[in-house]
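What follows is a short report on a single structure.
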Amino acid sequence: MLASDMGLKQNQQPTEFFCKTLTASDTSTHGGFSVPRRAAEKIFPPLDFSMQPPAQEIVAKDLHDTTWTFRHIYR
């Protein structure tokens, strides 16, 4: 499939994503949620493990063009 067939500009990298329906066990009462480790390692930028705890800010845009900011933390 060509990049143009996917609606991508020729010089634009395809977007990496994963899809998961969140369940009650994926969320916390503190507003957090769990992401499978493989998905986090494949999609998110690498964490700086010299920081304690290793963490970074992730900014994502949903299908409605709404921007969401999350704190990615390794536990």
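The values are calculated or read from the model by the stated rules, or taken from the named source; none is laboratory data. Only a predicted model underlies this, so the values are computations on that prediction, with no experimental measurement involved. Here Cβ is always computed from backbone atoms with ideal geometry, including for glycine, and neighbour counts include all displayed protein chains.
Does F70 count as in contact with a His (Cβ under 6 Å, 6 or more places away or on another chain) and within 20 Å of T21 (Cβ to Cβ)?
no
What residue, of F18, F49, is aromatic (F, W, Y) and at pLDDT 90 or above?
F49
Given the structure, is T29 assigned to a loop (DSSP other than H, G, I, E, B) and either at pLDDT 85 or above or over 19 Å from the mean Cα position of the chain (by Cα) (or both)?
Judged against the criteria, T29 is a match.
Look at segment 49-67 and say how many of its residues are more than 17 Å from T21 (Cα to Cα) and exposed (fewer than 10 other Cβ atoms within 10 Å of the Cβ).
10
Only one of (1) touching a Phe, Trp or Tyr at 6+ places or on another chain (Cβ under 9 Å); (2) assigned to a helix (DSSP H, G or I) fails for P53. Which number is that?
Exception for P53: condition (2).
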